[in-house]
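Accompanying notes for the structure given below.
Every number in this text was worked out from the coordinates using simple rules, so none of it is lab data. All figures in this text were calculated on a predicted structure; none of them were measured in a lab. Here Cβ is always computed from backbone atoms with ideal geometry, including for glycine, and neighbour counts include all displayed protein chains.
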Amino acid sequence: MENTNPNACSAMEGGLPGKCANLAFPYIAMQGMNAERYDQAQALAAGTLFPGLNLPFFKAVKSKMNCDNTALCELMALSFAITELGLYLDTHQNDKEALALYTDYVSLAKEGKKRYEAAYGPLQQTSVTTAGYTWLNNPWPWELEGGNR
Amino acid sequence: MFIYEKRLQYPVKIKNPNPKLAAAIISQYGGPDGELGASLRYLSQRFSMPYPELKGLLTDIGTEELGHLEMIGAIVHQLTRNLTDEQIRTAGFDAYFVDHTTGVYPTAASGAPWSAATMQVTGDMIADLTEDLAAEQKARVTYDNILRLSDDPDVSDAIRFLREREIVHFQRFGEGLRLAKDRLGQKNVYFVNPSFDK
């Protein structure tokens with residue numbers, strides 16, 4: 001991108017790539033509305049839905065997440081895409097395509113949650129089953145066994 | 001209102017205990033740039049935000065940070081399970097062990113317990129959001145340094161995920177600042193504090 005000549009801006013402005021902007025104010029470029037996206041499983045593995053924001057550290061190993069096809073991983077991936085798109089929508093509330101995708105992910109996650117609960121028990125205390133008060137059942141999420149689903 | 005969901009945001013499955021690494025990672029639980037400070041900072045700053053997109057952004061990122069706090073707790077918990085007498089004497093872990101056994105306590109790796117003095121709520125959206133940009137960068141550096149210290153791929157994988165979230169949050173806070181400036185609609189953005197001067 002070509003730099004605006006700051007001398008062409010008004011006294012209260014300076015040069016940013018492409019246009020003049022206020023002095024003494026921090027600027028982060030707004031992400032565009034048609035940004036490339038990963039699918040939900042790739043997004044969970046990368047830590048972002050957006051390849052453009054995937055900026056790893058040289059000491060980090062490539063994601064070795066082995067989390068495919070279990071009900072927990074399916075739910076984690078869908079919920080992560082919802083979290084990530086939700087933050088995006090907070091600053092891009094007029095992006096209708098992203099909102100439609102968000103809605104799709106929300107209904108997929110509802111189904112995913114049902115499948116998970118049928119297999120492993122409640123995700124929320126209120127998800128009472130015919131098997132009794134299974135909310136208390138081990139493992140809890142921080143326990144090693146909790147991640148092996 | 002908050003409702004607990006009984007799962008982690010990202011899998012934490014650590015096969016090999018490593019108390020020395022746990023004693024470093026505890027800093028992201030209760031250290032100066034850790035997840036406890038992050039969540040309390042954002043969930044407290046939101047009360048004085050004047051615009052809906054900023055109230056939403058701080059609520060949603062603050063909530064995600066609580067999930068990250070839980071992930072760090074899980075990492076520390078799993079790294080310190082089934083320790084031998086020899087392992088509890090590990091340099092770097094013995095000082096933590098004497099006070100907390102293998103409980104998860106909000107403290108910096110260097111020993112200072114978590115303090116609200118590590119964060120600020122100014123009641124001014126530009127000052128708060130600028131602090132939040134810095135906070136995400138400081139947390140990112142802490143994760144970089146944990147990745148330098150870790151030789152366990154199970155730990156590094158979860159830490160890599162958390163580090164990437166800092167970068168995404170930095171981007172969104174920056175966009176939040178831009179939206180805030182557009183809302184002010186004036187050249188001198190410091191003329192009033194829109195949270196206070198009605």
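Data table
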quantity: About the Cα centre, charge dipole magnitude for chain A (Lys/Arg +1, Asp/Glu -1 at Cβ), debye; calculated: 240 debye
quantity: Inter-site label distance for A:K96 and A:N5 at 7 Å from Cα along Cβ, in nm; calculated: 4.2 nm
quantity: Prolate/oblate/rounded label for chain B (Cα gyration tensor, a/c 1.5); calculated: prolate
quantity: Residue among A:T83, A:T48, A:T134 with the largest mean-square fluctuation in a Gaussian network model of chain A, springs linking Cα atoms under 10 Å; calculated: A:T134
quantity: Cα-based shape type of the protein assembly as shown, given that a ≥ b ≥ c are square roots of the gyration tensor eigenvalues and the cut on a/c is 1.5; calculated: prolate
quantity: Cross-link table A:K19/B:K187; B:K13/B:K138; A:K110/B:K55; B:K15/B:K138; A:K19/B:K55, entries beyond 18 Å C-alpha to C-alpha; calculated: B:K13/B:K138; A:K110/B:K55; B:K15/B:K138; A:K19/B:K55
quantity: In degrees, nearest ten, helix A:96-120 long axis to first principal axis of chain A (Cα); calculated: 20 degrees
quantity: GNM flexibility winner over chain B from B:L179, B:L129, B:L147 (Cα, springs under 10 Å); calculated: B:L179
quantity: Dipole-positive endmost among B:V141, B:G62, B:V192 within chain B (Cβ charges, Cα centre); calculated: B:V192
quantity: Loop-exposed chymotrypsin sites (Phe, Trp or Tyr not before Pro) per DSSP, neighbour cap 12 Cβ within 10 angstrom, longest uninterrupted part of chain A; calculated: A:59-132
quantity: Gaussian network model of chain B, springs between alpha carbon atoms under 10 Å - residue of B:K187, B:K15, B:K138 with greatest fluctuation; calculated: B:K187
quantity: Eligible aspartates and glutamates near A:K59 by straight Cα distance, threshold 16 Å, same-chain separation 8 or greater; calculated: B:D144, B:D151, B:D152, B:D154, B:D157, B:E164
quantity: In range of the label at A:K114: residues from segment A:75-106 whose backbone nitrogen is under 19 Å from the point 7 Å along Cα→Cβ; calculated: A:75-79, A:103-106
quantity: Largest-first principal axis extents, alpha carbons of segment A:40-147, Å; calculated: 46, 38, 21
quantity: FRET efficiency, B:T59 to B:D144 (Cβ-Cβ, R0 35 Å, nearest 0.05); calculated: 0.80
quantity: Charge dipole (debye, nearest 20) of segment B:19-184; +1 at Cβ of Lys and Arg, -1 at Cβ of Asp and Glu; calculated: 300 debye
quantity: Cα lying deepest toward the dipole's positive end in segment A:40-147, options A:G146, A:S79, A:L101, charges on Cβ; calculated: A:G146
